[in-house]
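The values are calculated or read from the model by the stated rules, or taken from the named source; none is laboratory data. This structure is a prediction, so every number in the text was calculated from the model and none was measured. Glycine gets a Cβ as well: all are built from the backbone with ideal geometry, and neighbour counts include every protein chain shown. For accessibility, only protein heavy atoms count, side chains too; no ligands or nucleic acids. Shrake-Rupley method; radii C 1.70, N 1.55, O 1.52, S 1.80 Å.
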Amino acid sequence: MDIGGRSGEMAVFASVAEQGSLSAAARALGLTPSAVSRIVARIEARLGVRLLVRTTRALALTGEGEAYLRAARRILADLAEVEGSIADQASPRGRLRVTASLAHGRLFVVPLLGDFTARYPGILIDLNLSDRIVDVLAGQADVAVRFGQLADSPLTARRLGATGRVVVASPAYLARHGTPQVPDDLLAHNCLSFNFRRAEPGWPFREDGRDRALAVIGQIEANNGESLAQLARAGVGIARVGRFAVEDDLAAGRLMPLLEAYNPQDREPLHALFVGGSTMPARVRVFVDFLAERLGAGGAG
């Protein structure tokens, strides 16, 4: 043990008080009893008071000794906290709970995690992919990667990018049911929609320079875009999903874009949400920085 300096002396004295004897403290600290005795004597000489009363059976603290012990414990705890915080900034570590939407998380967040953990080996990623809203403020996650407009909250938000939406259907579905030419044609189709509370009241379109929301109907609702895209690929109906989720399907012809002339080209922002402030753990800061580095250059999808 390093016993140099006042903090080292305080640690020795605290151990003596906790162990109840010089010899027991010496064993716990890996020192000799004579070294422990000299340290205690040095503290007492500097302060000019007795801190310990030595009896044949045990040691007892004087009133001054009890006051010194309380102060020593407080100072040692503060020192440990400061050193731990600085060490954490230099080499972030600990469990980091991350939540992201199912499709975007699988396609864009998961592929980044190998590089992130290689860069920060002390961080353990606890990943939850779900389109359910996770309450970061309530402590259910440390970082949420989330699409959509943000409600007012004490959370800190860092914009990572944006993505567009597209209305799609499979060639097989269109061959059976026809291709809608104007938005109102969708009222005769099986439109597959989201079922969670953030869903829009209708599908937005722009006609004659004016924006409108069309209240579509269908037989299936789901809580994630990946399921809707899968159903659309299977020819079940028409879906409106994030373009990032179906780019490969569009390129391969498995899905066809519909009503693009009426697409409002609305961009849904992507943010990282977290509890900011001076107490924000370094593992949160470096992860958000990493996401901004990798996704910020148009990588939202």
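Brief remarks on what is shown
- Checking ASP249 against (1) charged (D, E, K, R); (2) open to solvent by less than 20 Å² (accessible area, probe 1.4 Å); (3) free of Cβ contacts under 8 Å to residues at least 24 places away in the same chain, the condition it does not meet: (3)
- Exclusive hit being in contact (Cβ under 8 Å) with a residue 12 or more places away in the chain and part of a helix (DSSP H, G or I), set ALA172, ALA157, ALA144: ALA172
- Residues in segment 68-83 that are open to solvent by 100 Å² or more (accessible area, probe 1.4 Å) and over 16 Å from SER15 (Cα atoms): GLU81, GLU83.
- Looking across LEU112, LEU129, LEU107, one residue alone is in contact with a helix residue (DSSP H, G or I) (Cβ under 7 Å, 6 or more places away or on another chain), over 30 Å from ALA25 (Cα atoms), at pLDDT below 90 and surrounded by 14 or more Cβ atoms within 10 Å (Cβ to Cβ). It is LEU107.
- Checked against (1) in contact (Cβ under 8 Å) with a residue 40 or more places away in the chain; (2) surrounded by 13 or more Cβ atoms within 10 Å (Cβ to Cβ); (3) not in a helix (DSSP H, G or I), ASP211 passes all but condition (2).
- Unique residue being closer than 26 Å to ASP142 by Cα, open to solvent by less than 40 Å² (accessible area, probe 1.4 Å), touching a Ser or Thr at 6+ places or on another chain (Cβ under 8 Å) and not basic (Lys, Arg) when the list is LEU270, LEU258: LEU270
- Total residues in segment 132-149 satisfying the condition of being touching an Asp or Glu at 6+ places or on another chain (Cβ under 6 Å) and at pLDDT 95 or above: the figure is 0.
- Among (1) open to solvent by less than 30 Å² (accessible area, probe 1.4 Å); (2) modelled with pLDDT of 90 or more; (3) not small (Gly, Ala, Ser) - the single one VAL182 does not satisfy: (1)
- Pair list, Cβ under 7 Å, 6 or more apart: segment 101-117 residue without any contact (Cβ under 8 Å) to a residue 12 or more places away in the chain and over 14 Å from ALA144 (Cα atoms), other residue part of a helix (DSSP H, G or I) and open to solvent by less than 50 Å² (accessible area, probe 1.4 Å): none
- Residues in segment 185-200 that are assigned to a loop (DSSP other than H, G, I, E, B) and either surrounded by fewer than 20 Cβ atoms within 10 Å (Cβ to Cβ) or polar (S, T, N, Q) (or both): ASN190, ASN195, PHE196, ARG197, ARG198, ALA199, GLU200.
- Qualifying residue in segment 283-301 (condition: of a type outside the set (A, V, I, L, M, F, W, C), open to solvent by less than 40 Å² (accessible area, probe 1.4 Å) and under 21 Å from GLY218 (Cβ atoms)): no
- Criterion applied to ALA151, ALA141, ALA169 was being over 19 Å from ARG233 (Cα atoms) and surrounded by 15 or more Cβ atoms within 10 Å (Cβ to Cβ), and the one residue passing it is ALA141.
- Selection status of GLY276, assigned to a loop (DSSP other than H, G, I, E, B), in contact (Cβ under 8 Å) with a residue 40 or more places away in the chain and open to solvent by less than 10 Å² (accessible area, probe 1.4 Å): no
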